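Q: Below you will find the structure I want to go over with you.
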Amino acid sequence: MEVKDTLSSTMKTVETREGKRMNMFVCGPTVQDRPHMGHARTYVFYDVLARYLRYKGIRLFYLMNITDIEDHIITKMQETGRSWEDITTSYSSEFFEIMRRLKNNSVNYYAFATDYIKEIIEQILKLIEKGYAYKISDGIYFRVRKFKDYGNLSKQNLDELRAGARVEVREEKEDPLDFALWKMKKEGEPSWPSPWGDGRPGWHIEDTAITESIFGPQYDIHGGAKDLIFPHHESEIAQMEAVSGKKPIVRYWIHTGHLNVDDIKMSKSLKNFVTVEDALRSYWPEAIRIMMLSMKYSAAVNFEEKAAIDAQGNAERISILYHRVSGVPEIRSDWALEMTGRIFAPLENDMNTPEVVREIISFVKDSLARNKLSEQEKGEILYVLRQIEAVFGIVHTVPLPDKSMDIILKMRNESRKKGDYDSADMIRDTLKSLGVHIEDTSEGSYLWW
Ligand SMILES: [Zn+2]
């Protein structure tokens with residue numbers, strides 16, 4: 001399997017280190033607001049990457065950090081008067097709930113930044129000792145000039161960056177590009193004790209302290225949205241490689257593109273904030289996953305309602321097929337294995353999920369078009385659908401809950417027979433609002449969820 005690596009700008013073959021598990025770290029959210037569709041895009045993609053690597057038999061550990069101290073959280077405290085605990089607890093709970101509802105279930109461990117203050121301080125002490133960090137009145141800063149590879153990940157010219165850097169009040173900094181490792185406490189801010197006085201960590205050091213303590217100084221895959229490449233990931237490389245003296249910190253850098261609304265990057269500050277919760281009110285989680293996976297992960301994509309509607313239609317088709325074939329034992333036949341192999345093959349080429357979605361939809365449409373499936377055929381289709389669910393998480397499998405639905409269905413069929421279409425439609429619409437769908441076919445009506 002090959003992926004496009006951001007640092008080398010080349011396609012690289014994903015290989016495990018012999019006898020070792022594969023370690024993947026993805027930048028988690030700063031818990032200061034509700035998850036939006038940009039988050040959904042990023043985290044659905046890494047969820048499918050993790051699922052696929054495991055499907056291939058790779059022993060993968062997927063680690064995500066939760067940034068529970070950062071400038072945006074302080075701003076939120078000032079804007080709302082809410083406490084740090086209140087903001088970070090409520091938004092992290094909401095994030096986990098959204099991850100669960102989106103079926104992003106592959107993360108092994110969520111690490112909260114503030115649980116790693118000791119490790120953060122240890123890294124900063126090492127950086128100071130090695131001459132990579134210095135103290136000024138408002139905090140400890142990383143000395144960018146001393147780390148020769150700074151700029152390699154983002155392919156930027158540092159002199160141009162310096163020229164464009166905002167002239168800040170902190171004239172004490174040796175270089176405009178130097179970034180904070182530790183920020184001294186200001187009035188009303190949450191803080192932790194350190195050898196330099198009470199304060200809080202800078203954003204970039206949170207990640208390297210967490211990854212070093214869980215993975216060691218080097219690991220396999222680092223993911224995150226493209227807007228994190230500079231300065232966040234660039235600074236992670238600088239910190240960790242300076243601390244350990246080992247290169248590279250990461251073997252594969254994989255970045256997801258922005259999700260735009262009307263061609264503007266989705267973010268709260270730009271007021272084009274479509275929360276995942278809002279989207280889940282209108283669409284199945286499977287539909288949101290299909291929509292996100294229909295886009296190449298690395299491309300900047302515009303968010304359109306039409307794409308969500310199409311994805312919902314496809315999620316429903318998949319579910320209809322699932323309910324038609326479930327109830328028989330799955331059959332892992334040559335045909336089923338070949339079909340599964342064909343469906344997932346495009347993932348080997350830089351996680352080409354849009355091509356896989358096309359393969360899945362054509363498989364589903366072909367299967368639905370087949371008349372009278374035999375038990376054998378049902379079992380084979382079921383096997384393929386189970387593999388699709390294992391890797392993509394797009395099969396809506398919620399079982400039929402109880403027999404009372406049969407009575408409701410009978411009443412509706414009676415209404416239709418009598419020509420009372422108002423009642424029939426009323427029953428259909430009411431069920432739909434409860435998430436239950438009626439499919440009318442020549443052979444009768446079916447319910448599915
Ligand atoms: Zn991060």
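Readers should treat all values here as calculations from the given coordinates under stated rules, not as data from a laboratory. This structure is a prediction, so every number in the text was calculated from the model and none was measured. Glycine also receives a Cβ, built like all others from the backbone with ideal geometry; neighbour counts cover every protein chain displayed.
Q: Please work out the FRET efficiency for the pair TYR421 and GLU338, using the Cβ-Cβ distance as r and a Förster radius of 51 Å; give the result to the nearest 0.05.
A: Here the calculated transfer efficiency is 0.65.
Q: Can I ask one more? Peptides 80-87, 370-377: what's the order by average Cβ count within 10 Å, highest mean first?
A: Packing order, densest peptide first, comes out as 80-87, 370-377.
Q: Let me check against my output: what whole-number percent is the relative contact order of the chain, with C-alpha pairs under 8 Å and at least 6 apart?
A: The normalised contact order for the chain reaches 16 percent.
Q: How much length would be gained if the chain were fully extended between GLU439 and TRP192, taking 0.36 nm per residue of separation minus their Cα-Cα distance, in nm to one decimal?
A: Residue separation times 0.36 nm, minus the Cα-Cα distance, leaves 83.0 nm.
Q: Among the listed pairs LYS118/LYS155; LYS103/LYS226; LYS135/LYS155, give every one whose C-alpha distance is greater than 30 Å.
A: Over 30 Å apart, Cα to Cα: LYS118/LYS155.
Q: Got a sec? Charge dipole of segment 2-261, +1 on Cβ for Lys and Arg, -1 for Asp and Glu; which of MET11, GLN32, PHE215 is way out at the positive end?
A: Among MET11, GLN32, PHE215, the one farthest towards the positive end of the dipole of segment 2-261 is MET11.
Q: Also, I was wondering about something else. Between THR397 and SER213, what is the label-to-label distance in nm when each label sits 7 Å out along the Cα-to-Cβ direction?
A: The modelled label-to-label distance comes out at 3.6 nm.
Q: Tell me the label-point distance for the pair ARG21, LEU125, using the 7 Å Cα-to-Cβ offset, in nm and rounded to one decimal.
A: In this crude label model, ARG21 to LEU125 measures out at 2.8 nm.
Q: I need the peptides 2-14, 351-363 ranked by packing, meaning the mean over residues of other C-beta atoms within 10 angstrom, with the highest value on top.
A: 351-363, 2-14
Q: Additional query: Going by amide H atoms built from the backbone, whose H comes under 5 Å of the H on ILE136, apart from near neighbours?
A: TYR141
Q: Next question, about the same structure. What order, most packed first, do the peptides 133-142, 417-426, 290-299, 243-252 have when packing is the mean number of other Cβ atoms within 10 Å of each residue?
A: 290-299, 133-142, 243-252, 417-426
Q: How large is the dipole of segment 404-448 about the Cα centre if only Lys and Arg carry +1 and Asp and Glu carry -1, each at its Cβ, rounded to the nearest 20 debye?
A: Magnitude of the dipole: close to 80 debye.
Q: Note down the magnitude of the dipole of segment 47-204 about its Cα centre, charges +1 on Lys and Arg C-beta and -1 on Asp and Glu C-beta and zero elsewhere, to the nearest 20 debye.
A: Rounded to the nearest 20 debye, it is 860 debye.
Q: Please name whichever of PHE179, ILE237, MET22 sits farthest to the positive end of the charge dipole of the chain, dipole taken about the Cα centre and charges placed at Cβ: Lys and Arg +1, Asp and Glu -1.
A: My answer, from the dipole projection, is MET22.
Q: Separation between the GLU172 and ASN152 pseudo-spin-labels, each 7 Å from Cα along Cα→Cβ, expressed in nm?
A: Simple spin-label model gives 3.2 nm for this pair.
Q: Given 0.36 nm per residue, what is the gain on full extension from ALA299 to SER362 after removing their alpha carbon distance, in nm?
A: 20.3 nm
Q: While we're here: Could you give the size of the charge dipole of the chain about its Cα centre, using +1 on the Cβ of each K and R and -1 on the Cβ of each D and E, expressed in debye and rounded to the nearest 20?
A: Dipole about the Cα centre, nearest 20: 680 debye.
Q: Once fully extended, how much extra length lies between GLU79 and LYS56, figured as 0.36 nm per residue of separation less the alpha-carbon to alpha-carbon distance?
A: Stretched fully, the GLU79-LYS56 segment lengthens by 3.6 nm.
Q: Using the Karplus equation 6.51 cos²θ - 1.76 cosθ + 1.60 (θ = phi - 60°), what ³J(HN,Hα) coupling, rounded to whole Hz, does each residue of segment 325-338 give in order, writing x for Gly and Pro?
A: 9, 6, x, 9, x, 6, 10, 8, 8, 4, 4, 5, 5, 5
Q: To continue, here is another question. Below 8 Å between Cα atoms, with a sequence gap of 6+, how large is the relative contact order for segment 2-261 in percent?
A: It comes to 24 percent, rounded to a whole number.
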